[in-house]
2 protein chains.
Amino acid sequence: MALHLLTPTHLHHPSSPLPRRRAATSASATLAHHLLPHPRLRLATAASSPRTGPRRGMSAIRSSLIDPDGGALVDLVAPPERREALRAEAEALPRVRLAAVDVEWAHVLAEGWASPLRGFMREHEYLQCLHFNSLRLPSGGLANMSLPIVLAVDDAAKDRVGAAPDVALAGPDGELLAVLRSVEIYPHNKEERIARTWGTTAPGLPYVDEAITPAGNWLIGGDLEVLQPIKYNDGLDHYRLSPQQLRDEFDKRGADAVFAFQLRNPVHNGHALLMNDTRRRLLEMGFKNPILLLHPLGGFTKADDVPLPVRMEQHSKVLEDGVLDPETTIVSIFPSPMHYAGPAEVQWHAKARINAGANFYIVGRDPAGMGHPTEKRDLYNPDHGKKVLSMAPGLEKLNILPFKVAAYDTVAKKMAFFEPSRSQDFLFISGTKMRTFAKTGENPPDGFMCPGGWKVLVDYYNSLQTEGATAPAAATV
Amino acid sequence: MALHLLTPTHLHHPSSPLPRRRAATSASATLAHHLLPHPRLRLATAASSPRTGPRRGMSAIRSSLIDPDGGALVDLVAPPERREALRAEAEALPRVRLAAVDVEWAHVLAEGWASPLRGFMREHEYLQCLHFNSLRLPSGGLANMSLPIVLAVDDAAKDRVGAAPDVALAGPDGELLAVLRSVEIYPHNKEERIARTWGTTAPGLPYVDEAITPAGNWLIGGDLEVLQPIKYNDGLDHYRLSPQQLRDEFDKRGADAVFAFQLRNPVHNGHALLMNDTRRRLLEMGFKNPILLLHPLGGFTKADDVPLPVRMEQHSKVLEDGVLDPETTIVSIFPSPMHYAGPAEVQWHAKARINAGANFYIVGRDPAGMGHPTEKRDLYNPDHGKKVLSMAPGLEKLNILPFKVAAYDTVAKKMAFFEPSRSQDFLFISGTKMRTFAKTGENPPDGFMCPGGWKVLVDYYNSLQTEGATAPAAATV
C-alpha cells in the first residue's frame, strides 16, 4: 500500500481569522453539498450543559466543545461503595465467559465511548446498527452507531442462563467483571452480520476470524454494570484515559478546539506534517488553543500490525524528538478492537471521539481499509470512508477534516504535501518498502521518520527475526 | 413455507372510537417502545400543503393523508409540449441501452414512487442508501431509501459516454425512452452492493442473477427526464396508476384513511380476512371511509412466482366474488421490480406507498423474504422485516400495521386468526400443498380461496403442464 497521506482540503484555502463559533461551522461548510447538518443537533453542539460547562475555575473557557451522544456521557462502572455488594450479587448469577475481545468491548461500553449505549446491544439496537448505522434517541433524533457491539454466547451458555433476567460476566481467566441486566437472547445471524458490516463475506477478515466465526450462535444484550475499572496491567494502563478523563484534561489545558487523529500504526513525518498543519490552520481560523488528541487504537488488531507496546514507545519518541509538541498534544489509548470494516468502521472511530470531547476529526484515505482478503484489490473504494463519514446520521455535529496526499519530497528531503505539478519529485514509500528498510537495517530517506521513532521499529523487526518469526506481510504505514 | 398470516396486533385490542387525529397516532403508539416518531416528521404528517390539500370541491375531506417524501411528488415525465424537442435532443446524445428491469426502474423514478429521488442514483445517494437506508433531505431530515436504484453500464458504454454531461436512455429494443442529465459515472462494486443489500453473497439470489451479475462494472447516475409515460402494452396498463393518479382517486372517493397491502401472490381468504379486519378496526377507531390499496408488485419477479397477468385475473375474481368490496378497494399495479431482500426491501415497499398517499401499511411475516439460496433455512429472520420497518429512518410518519398469524380453521371451515389455545383445529396450508391441489385439480378445503380465484390458478397450472413446463418449486402463498 502506498503512503497516501491527506491534508484537510478546506484548510488549504487559508481564510482570515474568524470568530470561534463561525470558524467551527465553516469547517463543515466546505464538505459536499449534501452534508446538511441537522438543525437541532447543530443547536445541541452550541448549547451548554451542566456536565460540559466550565469547571475547575476556568469559567472563561469552555473546552468540552461537543456534547456526548445522547446528551450525557454514559458511565457503567460501579461506584466504589457499591462494588462489594455487586460482586456478591454477581457470584450468585449464571455466568457467561468473555473472550479477550469481549472484555475490550465491555471496557468501551463501561467508559461511555459508545454513549448513549448502556450495554451489549439488544436486538432492536443491533438491527438499527446493521441497517441504519444509527440508533434512535428518545428525542427522536439519531446517534451514530455503525458497528454492532454485541456479546455472543453458545448453546450451553444460553441454556445456563435460561430465563434468568441478569447474568454475571467473567473474563477469559474466570474473574468476575460485570453484571448484565434484563438480558435478551437472540440469534447470532453471522453471515448477515458479516455481510452488512463488511460488505463482503470472503474468508479471511481478521475480526471475523477472531471474534465471529469461533463465537456462539446467540447474542445476549442487556444493561451493563462493571465491577471496577477494567485494567490490563501491561504497563500501558496510564495511557488509557476514559472519555471523562480526556474531557477533564481538555478543560485543564483550556482547549478551545480538540482535533482527534485515529491511528494503529507508527507515526512518521507525513502524519506529523498533517497534524501540525491542522493545528496551524485552526490557529489561523481564530482558535487560540487547539489540542491534538493522538489516539492510537489499543484493542484487537490483526497479527501483522505493529503491536501496541511498540507503537506506544514509538509515539513517545515522536514527542521526545519534538516532532509533535507535548504541550498541545495528548497521547492516549482508544480501547476499542479493530474491525477493518472501512466505511462502517470509520464512523465508529469518529463517533467515539465525539464522546471523548473532540469536535474535529481528521480522516485519511481508505480509513480502516485493507486489501480484499481473497482478491488483489482494496477491500473498499479508498474514497468511500470520508464520503460516508461526511453524510453519516448522528455525526452532523462533528467537523470532519479530510486530508490531501503527502509523500516524500526528494528535493526538500522531507515529507510534504504532494504537488501534482512536480510529481516526479515525490516518492511514495509503501509499507512494504518501509518494513524492508527496518528489517535490513537500512535507513529510510532523511526526514521520513524521526530517528528515535525509527529505532523503535528497527529494534522491533530485529526482535522478530531473532525469534525466527515470519516477518509481517502487510503494510505498517 | 407455511401459510403464516398476521393480523394487526393493536387492532386486536378494540378501543372505543377515537377522533381521527388521535386514532392515527395510536396505531404507531402500540409499536415497540423504541419507535419514537420524529417530532418534526410527525408534524409534517398532520400539516396541510397546497398539493395535498382538499381539491375537486371536497373541501371538507382531506384524503391525501400523508405528504410525499421531500414534500412534493416527483414527476419526471416531459410535458406533451416538450416531447418533440426532447426527442430531437436525445437523438443527438450518446446512448445507453437499458435492460427490461432498468426500464421498470425508470418507470418507478419517473412517476415519483422514489420521491425525492430525481433519477438514477449518483454515488452520494448510492452510499447513503447502502449504509443508512436513507437520504438526507435539504431540510436536514431523512427520507427512507433502502434499495439502490442505480443504472449499470459496461466499459464500452462508459467509453461511449466519455465526458458528455447528458446521455439518452434507450429501451431493450432500442427505442428512445429518456434523457439522463449531469451524469456521474462511478464503480459498480457488485460484491459490496449485494452484501449490504441482501446480507449475503450466496449464489442464486434472483435479482442478483437477473440484474447485477450480468450488468456492467460502472454505475451512471443523473437527473432523469422521460420522453413520455412508460407503457407495457400488455393489456394491464390501465392498472398501472401513478402515485398522483392514486392520490387523485383517494380524493375522489373521499378517503380519510388509506391502508396499503403489498403482495406478489394470489389473494386467498386469509389475506382477505386480514384486509377486511383492518378496515373494520379502522372504522371502529373513528375513520369514516378507509380505502384499501390492493397493490400487487408488477415488475421483475422470480421465475417460479405466479406471473402478473394470472395474478391480476385472480385479483379481479376476488373482487367479483365479493371477497373484497370494490367500493372501498382500489386494485393497482406497483411497477417496481422485486429484490427479495427482506428487511431492506420492505422499507422500499412501504416508502413507495407513502408517495402514493397511503398512511397505513400492513406488514406480514417475513416480508420480501425467501429461502436461503444455498442453505436449508429462511434467508431472513421472519420477524426482522416488521422490526426494521418500525424503526426505519424516514418512515416515522407512516402507521405500520403488523399482523398476526391466520390459518385454516377446520372447525369453522374458513380462514381465521390462529388461536394457540386450540391449535389442533388449525391447518397451515403451505405453498407446496396449495400448488399440489391446483396441479392435481383437487379442491383446497372449503373457504380457503373464492372459487373464481381458485379456478384462475388451476387453469394456470394446467397450462404449465400442457406446455410440459416444470412445475414451479417455490411457495405461492
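The values are calculated or read from the model by the stated rules, or taken from the named source; none is laboratory data. Keep in mind that this is a model prediction, so the values were computed, not measured. As a convention, Cβ positions derive from the backbone with ideal geometry for all residues, glycine included, and neighbour counts pool all protein chains shown. Quick note on the areas: whole protein, heavy atoms, side chains included, nothing else; ligands and nucleic acids left out. Shrake-Rupley method; radii C 1.70, N 1.55, O 1.52, S 1.80 Å.
Chains B and A together bury roughly 3700 Å² of accessible surface, counting both sides and using a 1.4 Å probe on protein heavy atoms.
Farthest toward the positive end of the dipole of the range A:238-466, out of A:Val306, A:Gln347, A:Leu273, is the Cα of A:Gln347, where the dipole comes from beta carbon charges about the Cα centre. Using the average count of surrounding beta-carbon atoms within 10 Å as a protection proxy, the listed peptides B:395-406, B:153-164, B:349-360 rank, highest first, as B:349-360, B:395-406, B:153-164. In the context of the full protein assembly, A:Leu93 retains an accessible surface of approximately 40 Å², using a probe radius of 1.4 Å and ignoring ligands and nucleic acids.
Dipole size of the range B:111-236 about its Cα centre, with +1 on Lys/Arg Cβ and -1 on Asp/Glu Cβ: approximately 400 debye, rounded to the nearest 20. Straight-line reach from A:Lys288: taking Cα to Cα under 18 Å and skipping same-chain neighbours fewer than 8 places apart, the lysines in range are A:Lys252.
The phi-based Karplus calculation (6.51 cos²θ - 1.76 cosθ + 1.60; θ = phi - 60°) puts the 3J(HN,Hα) values of the range A:232-245 at 10, 6, 10, x, 10, 4, 5, 7, 8, 7, 6, x, 5, 5 Hz, whole numbers, x for Gly and Pro.
Here the 3J(HN,Hα) profile of the range B:270-280, calculated from phi with Karplus coefficients 6.51, -1.76 and 1.60 at θ = phi - 60°, is x, 4, 4, 3, 4, 5, 5, 5, 4, 4, 4 Hz, Gly and Pro shown as x. Its relative contact order, with pairs defined as Cα atoms under 8 Å and 6+ residues apart, puts the range B:280-332 at 55 percent. How much net charge surrounds B:Pro445 when only other residues with a Cβ under 14 Å from its Cβ are counted (Lys, Arg +1; Asp, Glu -1)? It works out to a net charge of -1.
Distances between placed amide hydrogens fall under 5 Å for B:Asp69 paired with B:Asn355, all partners being 5 or more residues away or on another chain. Closest approach of any chain A Cβ to the axis that rotates A onto B belongs to A:Ala195, 2, distance given in whole Å.
Taking the protein heavy atoms of the range A:238-466 in the context of the full set of protein chains, the accessible area attributed to carbon and sulfur is 52 percent at 1.4 Å. For the range B:300-341, a simple Cβ point-charge model (Lys and Arg +1, Asp and Glu -1, everything else neutral) yields a dipole of about 220 debye relative to the Cα centre. Comment: the Cα-to-Cβ extended label point of B:Asp154, at 7 Å, lies 5.0 nm from its counterparts in the other copies, nearest first. For A:Ile333, nonlocal amide neighbours, meaning residues 5 or more places apart or on other chains whose placed amide H falls under 5 Å from its own, are A:Arg240, A:Leu241. For B:Lys190, give me every one of the lysines with a C-alpha distance below 17 angstrom, ignoring sequence neighbours fewer than eight places off in its own chain. Leaving aside lysines fewer than 8 places away in the same chain, those within reach of B:Lys190 are A:Lys376, B:Lys158. Net charge of the neighbourhood of B:Arg365, taken over other residues with C-beta under 13 Å away and scored Lys/Arg +1, Asp/Glu -1, is 0. For A:Leu297, neighbours were defined as the other residues whose beta-carbon sits under 11 Å from its Cβ, and their charges (Lys and Arg +1, Asp and Glu -1) total -1. Note that the range A:80-226 presents 33 Å² accessible area per residue, ligands and nucleic acids not counted, probe 1.4 Å. Each part reduced to its alpha carbon centroid, the range A:292-334 and the range A:409-464 end up 18 Å apart. Candidate cross-link partners of A:Lys413 among the lysines, defined by an alpha-carbon separation under 22 Å and a same-chain spacing of 8 or more, comprise A:Lys317, A:Lys404, A:Lys433, A:Lys455.
Annotation for B:Asp237, label-to-label distances across the other copies: 7.7 nm (shortest first, one decimal, point 7 Å from Cα along Cα→Cβ). For the range B:105-114, backbone phi angles converted through the Karplus equation (6.51, -1.76, 1.60; θ = phi - 60°) give residue-by-residue couplings of 5, 4, 4, 4, 5, 4, 8, x, 4, 9 Hz, Gly and Pro being listed as x. Here is how far apart the B:Glu467 label points are across copies: 6.6 nm, shortest first, using a point 7 Å from Cα toward Cβ. Going by accessible surface with a 1.4 Å probe and the largest first, A:Lys376, A:Lys413, A:Lys439 read A:Lys376, A:Lys413, A:Lys439.
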